[in-house]
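Participant: Encoded as structure tokens, here's the structure I'll be asking about.
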Amino acid sequence: MNTVPTLTQAQIIQAIYDVLNEHMMIPQIDAFHPEAKLNQDLYLDSVLVLELILNLETELGLDIPDDALTKDDFETVANLADFLLTKKHQDNAVTATSETPLGITETPAEATPDASSDEAEEELDIKVHCFVSCICDILKPSPLVDHRPFYFGVWDADIVINDQHQLDYHSDTINHDNFRHWYKALYSVDVEPWYDPSQSKDANINTLLSLLDSKSDHQRVMVMIDMYRLPERENKFNQNPFPHYVMLETTEDPNEWLMLDPDFRWEGRLPKDKILHAIASPAVAGGYHFDSRQIQATSDEAIRDYFIDSLIPDHNPMTDAVRAVVTHHQQQDQFAQLPDALKQLPVLAIRKYAYEHGLAYFYLALGYDLDAEQDNEFEDLCVIIEQLVESYKLVQYRAMKLAKADSLGDQKQPLLDEIQTILDEQDAREFQVKTRLNELFNDWHQRTFNVDTVHIDTVNVDSQTGHAVSVNMDQPEAVPA
């Protein structure tokens, strides 16, 4: 008779503690307790949660399904234990014979809706691109303009593969000149750099102090900080370093500054010396200032030109970059390094939420009611975008398994095949969104300029592979007279 180990929730919680303490050696282990939040209390970002689940999968003999990896069911240690207890119960129910006791001594708790979980998910959802979020902050209260078109340039923004063949969302080779150019074209606002890379950090901090002292209520002063040096701020991505743009203002207290962080929908006072410590990090360098009094109404021509400049119809740079990184590590047989090479994927993947801004802009401009129950196409596309963002986790999870392939047996090729299938599915999802987005743009263009579009290209996707097999997207070719 097959003997199934008896497990209680308390034993699973102990297993979680052991993995975090002995295998992952997280520095916040003293904060561990059943109600500790994985992200806020234990500082586990999505990548570390995947690593924890992978270890527990091995320790407890579970087979975690993919759909569980894309859910946010594990806000606390107890939530995760309940999920695993349920999963263990289900696995045993499948394998146990009629004479074999299941050995589960506690009834799994039902998942309880938690308002704080919804709040956490919302906060994660809105982080798209910190530079863009900062400069869009002054646009939202203005009756003259709509900030959503500016997100056209985010969904396929630059991605760097560094010298170690790792994905990198930040690099000294990336500047924001393209965003500054289009911000000026759309909203007539100059985004001026104040940080001078030829000067010392101290000299640049003196420039920042001067700008903050003379700043008017209409002006914004933006600076790059290293979020890792600010443990007072929640850092969901737990990156070290974590370059991030915020805006600063002085307060009546000379020892405190007001930090405005629209990307995380956070603002609050922090000690001035701690903020300066985050700015002084050698990992960060950059800053801009701009003035809301320059805002002018956006022309339709500028929106048209920016959309055409931003949409890449025939390939998806992020998925292409992931595929290139995986292929390199496969060719070099460096699977142990693959998880680190994909570590920044969660920070990059959320850029795909920018599609929601683009779709919403054209739907509303064409007179659609986004809340109409009979027309839920927008909601359907948002579901696809959510799948696009979340499914990159499945690639990371398999990369972690590949790194442990020696201990798991000879499973490399099946895992590599699964990664390629997931990436093909990602291409198919993104091409579907791009195709509908371009159709809406053409409808808007025809209505706005009263001219037909010129047939250029359209993305056709191979239903088996997800690859673009031909490119035939309709876009206007020339500026109408």
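The values are calculated or read from the model by the stated rules, or taken from the named source; none is laboratory data. All of these numbers come straight from a predicted model, not from anything done at the bench. Neighbour counts run over all protein chains shown; Cβ positions are idealised from the backbone, glycine included. Note: areas computed on protein heavy atoms with side chains; ligands, DNA, RNA excluded. Shrake-Rupley method; radii C 1.70, N 1.55, O 1.52, S 1.80 Å.
Participant: Of the options Ala365, Leu342, Cys382, report the single residue whose Cα projects farthest towards the positive end of the charge dipole of segment 325-398 (beta-carbon charges: Lys, Arg +1; Asp, Glu -1).
Facilitator: Positive-most Cα among the choices belongs to Leu342.
Participant: Given bins 5 angstrom wide, list per bin the percent of all Cα-Cα distances in segment 146-305, short to long.
Facilitator: In order of increasing distance, the bins hold 1, 8, 16, 20, 20, 17, 12, 5, 2, 0 percent.
Participant: Report the Rg/Rh value for segment 233-348, based on alpha-carbon coordinates and the Kirkwood definition of Rh. Working shown, then result.
Facilitator: Values: Rg = 20.2 Å, Rh = 18.6 Å.
Using Cα coordinates only, the ratio equals 1.08.
Participant: Right, next: Please express the Cα-Cα pair-distance distribution P(r) of segment 296-379 as a list of whole percents, one per 10 Å bin, running from 0 to the bin with the greatest distance.
Facilitator: Final binned percentages: 13, 30, 27, 18, 10, 1.
Participant: Taking segment 264-411 as the region of interest, what is the percent of Cα-Cα pairs per 5 angstrom bin, listed from the shortest bin to the one with the maximum distance?
Facilitator: Answer for segment 264-411: a P(r) of 2, 6, 10, 12, 12, 14, 14, 13, 9, 5, 2, 1, 0 percent.
Participant: Still on this structure, please answer the following. Once the Cα atoms of segment 240-296 are picked out, what are the Rg and Dmax in Å?
Facilitator: Considering segment 240-296 through its Cα atoms, Rg and Dmax are 12.8, 39 Å.
Participant: Once the Cα atoms of segment 177-259 are picked out, what are the Rg and Dmax in Å?
Facilitator: For segment 177-259, the Cα radius of gyration and maximum Cα-Cα distance read 14.6, 39 Å.
Participant: Choose one of Gln420, Trp444, Tyr397: the residue whose Cα lies farthest towards the positive end of the charge dipole of segment 391-452 (beta-carbon charges +1 Lys, Arg; -1 Asp, Glu; about the Cα centre).
Facilitator: Tyr397
Participant: How much accessible area does Tyr288 have with a 1.4 Å probe, in Å² rounded to the nearest 10?
Facilitator: Spelled out: Tyr288, probe radius 1.4 Å, area about 20 Å².
Participant: Given Cβ point charges of +1 (Lys, Arg) and -1 (Asp, Glu) and nothing else, what value in debye, to the nearest 20, does the dipole of segment 312-453 about its Cα centre take?
Facilitator: 740
Participant: Taking a quarter of the surface of the convex hull around the Cα atoms of segment 126-220, what do you get in nm²?
Facilitator: Over every viewing direction, the Cα hull of segment 126-220 projects on average to 8.1 nm².
Participant: In debye, nearest 20, what is the charge dipole magnitude of segment 186-322 about its Cα centre with +1 on Lys and Arg Cβ and -1 on Asp and Glu Cβ, if you could check?
Facilitator: My answer is approximately 400 debye.
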